[in-house]
Amino acid sequence: MTTIAEAVEEVRREQRRSRKPLAVILAGHNGSGKSTMWTKHLSSDFRIPLVNADRMMLSVLPEPDRTKLLPDWAQELRDHDESWMAVAQKGVEAFVAQAMARGVPFAMETVFSHWRELKGGIVESKIDLIRQMQDAGYFVLLFFVGLSNAQLSIARVSTRVAQGGHSVDIPRLMSRFPRTQKAIRLACSVADATIFTDNSRRKRSAFTVCRVQLRDRELFDLRAASRRPPREIVEWLDIVSPAVPLRTPLTNYRSGRAKKGDGVKKPSR
């Protein structure tokens, strides 16, 4: 199971056996290449709509000019207007809610960085979204595109901006990076299936399949399949999917909150 197509087919067989509609959560760091992976490797196979906040925002802004750039005021609004960013995010939530109400298959794109530690050892995260989809009768496939470090995320976003893409402030990129890793580490045990891919290396190695699992059951892991797995991959994969099993299942998880430490154990280094 070394290609995205093979990994997807294995998961789709399980999804078809479940007779549940499919919901895909396409998660990954800013600049990790989520949209590119969807366009080049996934959309023609899944044939379902992809909802994301960037598209939602662009739908209400002027069309880019011949250089593929937005007017200056539109770029500023898209990249730095917190109120409009919130509006776009709420638009995604409403779109997804309507899709779920009708039971139609769909995909959504997210950085998956919501991670808030509250009093009493409670953690708030987007795992609740997965639970909501499952409660609505969906088979949830979580895709994660990993990067080796936050500096690479910053560099990729910088390249994207130079090509007319949207910007994200460096402090926000730095703070989001570890939060995404923490949230994914818990979420992969909740989703019906998870496919981990890497985009840390050269273009020819983009979207390497690193791990595939059904709930907690491993179907493929590059660390076991290769004698010398690439350092760039191991660097992040050991964090989001440590070789040491999780200490306890997420049985106490409810309504977007899990007890801090439930199912969490620092990876061995």
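Read-outs: derived from the displayed coordinates by stated rules, not from any lab. Nothing here was measured: the structure is a model prediction, and the numbers come from that model. Backbone-built Cβ (ideal geometry, glycine too); neighbour counts: all protein chains shown.
Among rounded, prolate and oblate, which fits the range 1-129 when a ≥ b ≥ c are the square roots of the eigenvalues of its C-alpha gyration tensor, a/c under 1.5 means rounded, and a/b larger than b/c means prolate? Walk me through the numbers on the way to the answer.
Working: a/c = 1.84, a/b = 1.28, b/c = 1.43.
Because a/c hits 1.5 or more and a/b fails to exceed b/c, the range 1-129 counts as oblate.
Listing ARG204, ARG217 from the residue with the fewest other Cβ atoms within 10 Å to the one with the most, what is the order?
Working: ARG204 5, ARG217 8.
So the residues, fewest neighbours to most, are ARG204, ARG217.
When the helices of the chain are scored as -39500 (n - 2.57) per DSSP H run of n ≥ 4 and the total is divided over every residue, the value at 222 nm lands at -12500 deg cm²/dmol. Considering only VAL157, PHE106, VAL234, and ranking their Cα positions along the charge dipole of the chain that arises from unit charges at the beta-carbon of Lys, Arg, Asp and Glu, the one farthest toward the positive end is VAL234.
Determine the sum of side-chain charges near LEU69: Lys and Arg each +1, Asp and Glu each -1, restricted to other residues whose C-beta is under 13 angstrom from that of LEU69. Cβ neighbours under 13 Å give a net charge of -1. With distances taken between every two different alpha-carbon atoms, the chain has a Kirkwood hydrodynamic radius of 19.2 Å.
DSSP bridge analysis restricted to the chain gives an antiparallel fraction near 45%, rounded to the nearest 5. Taking a ≥ b ≥ c as the square roots of the eigenvalues of the Cα gyration tensor, the range 181-249 is prolate, since a/c reaches 1.5 or more and a/b is larger than b/c. Segment GLU117..ALA86, full-extension length gain: 9.0 nm, with 0.36 nm per residue of separation and the alpha-carbon distance subtracted.
Relative to the longest principal axis of the chain, what angle (0 to 90°, nearest 10) does the C-alpha long axis of helix 82-102 take? So the helix axis and the longest Cα principal axis differ by about 50 degrees. Between the range 117-162 and the range 11-51, what is the C-alpha centre distance in whole Å? Computed from Cα coordinates, the inter-centre distance equals 14 Å. Computed from Cα atoms, the angle from the helix 231-240 axis to the main principal axis of the chain rounds to 70 degrees.
Under the simplified labelling scheme, the ARG201-ARG17 pair shows an inter-label distance of 3.1 nm, with each label point 7 Å from Cα along Cα→Cβ. Between 0 and 90 degrees, the angle of helix 4-18 with respect to the longest Cα principal axis of the chain falls at about 70 degrees.
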